[in-house]
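A short worksheet on the structure shown next.
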Amino acid sequence: MKRYEVIAIVKSDLPDDDITALIERIEKIITKRKGLIVKIDKWGKRRLAYEISKQKDGYYFLIDLVGDGPIIDEIERNYKIDDRILKFITIKKEGAITREGIDQEIAAAEVKRTQVRIETDSTGSPADEKVIHQIEKASADTKDTKPRRPSVKKSVTKDEQPKKEE
C-alpha cells in the first residue's frame with residue numbers, strides 16, 4: 001500500500017449534485033478495492049491558467065488516499081473516460097499508510113493549525129514588535145546621516161593605461 005493524492009479539475013458549469021456524485025463514485029472504487037480515504041478536499045471553482053476544452057474556469061478537488069497500483073489505474077481509467085473531467089494528476093506521496101498513523105498525522109496538523117491561529121490572533125506578538133523596532137531603528141539611522149553622493153568611477157581606455165616596459 002502506498003499513499004497518493006489525486007487532484008482533478010471538472011467543468012465549472014456542472015451542478016453540485018454531479019460533482020458530489022463524481023466524488024462518491026471514486027470513493028466507491030477506493031473502498032471496494034480495500035483502499036483507505038484519508039481526506040477529500042473540495043477547493044471550489046477557480047480560474048484556469050490556460051483554456052482547456054474551451055473552458056476558462058474549473059472546479060478543483062483533491063482526494064488523499066492509501067492504496068495499491070490497481071486502485072490508481074481504475075481511478076485514472078474512469079477519469080479518462082468521463083468527459084466532465086478536464087484534467088487530473090496523481091501524485092505519489094510520502095506519509096503514513098495505516099489508519100493509526102494517518103490519525104496521528106491529522107492530529108499533528110490540527111495542533112499546528114491551532115498554534116498558527118493563536119499566534120496570528122494575539123496582537124502585539126514579540127516577533128511583530130521586533131520587526132517594528134528594527135524598522136524604526138533603520139529609519140532613525142537614515143535621518144541622522146547625510147545622504148551619500150554617488151561615487152563616479154573614471155573609465156580608463158586601453159590607450160591611457162600605463163604600458164609595461166620590457
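A few points about this structure:
- Residues that are loosely packed, with under 12 Cβ neighbours inside 10 Å and either at pLDDT 90 or above or not in a loop (DSSP other than H, G, I, E, B) (or both) are absent from the range 3-10.
- Those residues of the range 82-104 which are over 18 Å from the mean Cα position of the chain (by Cα), of a type in the set (D, E, K, R) and under 19 Å from D64 (Cβ atoms), in sequence order: R99, E100, D103
- Against the numbered list (1) touching a strand residue (DSSP E or B) at 6+ places or on another chain (Cβ under 7 Å); (2) surrounded by 14 or more Cβ atoms within 10 Å (Cβ to Cβ); (3) modelled with pLDDT under 95, K39 comes up short only at (2).
- Taken residue by residue, the range 16-39 has at least one member that is of a type outside the set (A, V, I, L, M, F, W, C) and within 18 Å of the chain's Cα centre (by Cα).
- The C-beta contact set for the range 1-25 (first residue over 21 Å from K39 (Cβ atoms), second residue buried (at least 18 other Cβ atoms within 10 Å of the Cβ) and among the aromatic types (F, W, Y), distance under 8 angstrom, 6+ apart or interchain) comprises K11/Y59; S12/Y59; L14/Y59.
- Here is the figure for the range 1-56: residues that are within 21 Å of G67 (Cα to Cα) and of a type in the set (D, E) total 4.
- For the range 75-116, the set of residues classified as within 16 Å of E5 (Cβ to Cβ) and charged (D, E, K, R) consists of E76, K87, K92, K93, E94, E105, listed by residue number.
The values are calculated or read from the model by the stated rules, or taken from the named source; none is laboratory data. The structure presented is a predicted model; accordingly, all values stated were derived computationally and were not measured. Heads up, the Cβs are rebuilt from the backbone with ideal geometry, glycines too, and the neighbour counts pull from every protein chain shown.
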